[in-house]
Amino acid sequence: MHTASEIPSWDDTSRSGLFKWWQDMAKSGLIHHPDDDPATIVYVKNNDRFFDSKACDKLREIYSRMENTHGTLTYTAGAKAMRDILAASKTSP
């Protein structure tokens, strides 16, 4: 189960900071759709929770600030990070 300390802080609230945060989440293997409640995300193999409750709280707070600051650009940044990490995994041996 992933903890709040594994979730990067979102201190740089600029547009580039938004994209960087999503890239960091993708590189850490923690990326997911921001509309999905983090508490409902589970491992497929055993149905265990992916994030602990403090991580869920931190993510909800970050997503709320992102939406208030950047609106739908939040989705664009997340989708780009997901595409980039998938493309990188196809080119890696």
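The values are calculated or read from the model by the stated rules, or taken from the named source; none is laboratory data. Fair warning: this is a prediction, and the values are worked out from it, not measured in the lab. We place every Cβ from the backbone using ideal geometry, glycine too, and count neighbours over all the protein chains shown.
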Inset, instruction - Look at the range 17-34 and say how many of its residues are of a type in the set (G, A, S) and within 8 Å of the chain's Cα centre (by Cα). - result: 1
Inset, instruction - For the range 82-93, indicate whether the set of residues that are touching an Asp or Glu at 6+ places or on another chain (Cβ under 9 Å) and not in a loop (DSSP other than H, G, I, E, B) is non-empty. - result: no
Legend entry - Conditions (1) modelled with pLDDT of 95 or more; (2) assigned to a helix (DSSP H, G or I); (3) more than 18 Å from A4 (Cβ to Cβ): number failed by A39: (3)
Inset, instruction - Give me the pairs, please: first residue somewhere in the range 29-46 and surrounded by 10 or more Cβ atoms within 10 Å (Cβ to Cβ), second residue anywhere and part of a loop (DSSP other than H, G, I, E, B) and not β-branched (V, I, T), beta-carbon distance under 7 Å, and either six or more positions apart or on two chains. - result: I41/H32; I41/F50; V42/D48; V42/F50; Y43/F50
Legend entry - Filtered residues of the range 47-74 (kept if surrounded by 15 or more Cβ atoms within 10 Å (Cβ to Cβ) and aliphatic (A, V, I, L, M)): A55, L59, I62, M66
Inset, instruction - Quickly run through the range 7-20 and pick out the residues that are among the hydrophobic types (A, V, I, L, M, F, W, C) and closer than 18 Å to K54 by Cβ. - result: I7, W10
Legend entry - Unmet requirement for S16, which otherwise passes all of (1) over 19 Å from I85 (Cα atoms); (2) free of Cβ contacts under 8 Å to residues at least 24 places away in the same chain; (3) polar (S, T, N, Q): (1)
Inset, instruction - Filter the range 1-28 down to residues that are touching a helix residue (DSSP H, G or I) at 6+ places or on another chain (Cβ under 6 Å) and assigned to a loop (DSSP other than H, G, I, E, B) and give me whichever is surrounded by the most Cβ atoms within 10 Å (Cβ to Cβ). - result: I7
